[in-house]
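Colleague: So that we are looking at the same thing, I have put the structure below in C-alpha cells.
The values are calculated or read from the model by the stated rules, or taken from the named source; none is laboratory data. Just so it is clear, the model here is predicted, and its values are computed rather than measured. Cβ coordinates were reconstructed from backbone atoms using ideal geometry, including for glycine residues, and neighbour counts include every protein chain displayed. All accessible areas refer to the heavy atoms of the entire protein, side chains included, with ligands and DNA or RNA removed. Shrake-Rupley method; radii C 1.70, N 1.55, O 1.52, S 1.80 Å.
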Amino acid sequence: MSMKYTYKDFATGKQRWTRGEFRGWSETTGPLGARYAIFQNPRGTVCVPAYCLTSETMTRLREIEIG
C-alpha cells in the first residue's frame, strides 16, 4: 500500500512528497554520515536523507518498522 511521504527539498527548502512504497534504510553514507529512506514507485527509486524527512513521515516510518 502506498502512502504519501513528505520531505523538505534540500536545495529549495520547499516541502515535497512521494507516494512510493517504503523499502527500508540505506547504510550511513556521505560526509554527514546520513541514512537514506528508500521509496520505490513506478517511475523509479527515491532516496531521501533522514534529516530532510518531515516529523510526520518519520513517525510513520517508525510505526512501519515496529510492526
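Colleague: Within the stretch 3-51, count every residue that is part of a loop (DSSP other than H, G, I, E, B), open to solvent by less than 70 Å² (accessible area, probe 1.4 Å) and free of Cβ contacts under 8 Å to residues at least 40 places away in the same chain.
Modeller: First, pick out the residues of the stretch 3-51 that are part of a loop (DSSP other than H, G, I, E, B): 3-4, 9-14, 19-20, 26-28, 30-33, 35, 42-43.
Right, trim to open to solvent by less than 70 Å² (accessible area, probe 1.4 Å) and you get 3, 9, 13, 20, 26, 30, 33.
Applying the additional criterion that residues be free of Cβ contacts under 8 Å to residues at least 40 places away in the same chain yields 13, 20, 26, 30, 33.
Qualifying residue count for the region: 5.
Colleague: In addition: Looking at the stretch 52-67 only, could you name the residues that are charged (D, E, K, R) and either over 12 Å from Tyr5 (Cα atoms) or part of a strand (DSSP E or B) (or both)? Spell out the reasoning first.
Modeller: Step one: of the stretch 52-67, the residues charged (D, E, K, R) are 56, 60, 62-63, 65.
Arg62, Glu63, Glu65 - these are the residues of the stretch 52-67 that are charged (D, E, K, R) and either over 12 Å from Tyr5 (Cα atoms) or part of a strand (DSSP E or B) (or both).
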